[in-house]
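Here is the structure we will look at, set down as structure tokens.
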Amino acid sequence: EDVLLVVEVAETSADYDRSVKIPLYARHGIPEAWLVDLLEERIEIYRHPTPQGYQDLHIAHRGETVRPTTLPDLELSVDDILG
């Protein structure tokens, strides 16, 4: 309950993070998880956890901005995150 957001940064491990880590975070009730996929140049934003996984997935691309739901005043550029 102390964790508000988990951010995974992946270059070669995106498939593992997506299939193993992200569902684990959902089962433990972490409200939001981001997978920064450096190869695909996108951020996968998972929200609304359930024991079966996250209910919502949003994919953000370069040129967009993202905001954690628990920190709505914090706006981040996808370009800045991806570098």
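The values are calculated or read from the model by the stated rules, or taken from the named source; none is laboratory data. This one's a predicted model, so the numbers in the text were calculated from it and none came from an experiment. Here the Cβ is made from the backbone with ideal geometry for all residues, glycine too, and neighbour counts use every protein chain on show. Side chains are part of the model used for accessible areas, which takes the heavy atoms of the whole protein and leaves out ligands, DNA and RNA. Shrake-Rupley method; radii C 1.70, N 1.55, O 1.52, S 1.80 Å.
Before moving on, here are some points about what is shown:
- CD proxy at 222 nm, helix term only [per DSSP H run n ≥ 4: -39500 (n - 2.57); per residue of the chain; nearest 500]: -3000 deg cm²/dmol
- Point-charge dipole on Cβ atoms (K/R +1, D/E -1) for the chain, about Cα centre, debye to 20: 300
- Normalised by residue number, the volume inside the convex hull of the Cα atoms of the stretch 6-82 is 72 Å³ per residue.
- Order of exposure, largest accessible area first, which applies to Leu71, Leu38 with probe 1.4 Å: Leu71, Leu38
- When the chain is described by a simple charge dipole with +1 on each Lys and Arg Cβ and -1 on each Asp and Glu Cβ, the residue from Pro68, Val36, Thr50 located farthest towards its positive end is Thr50.
- Computed on the stretch 6-82, with alpha-carbon pairs under 8 angstrom and 6+ residues apart, the relative contact order is 24 percent.
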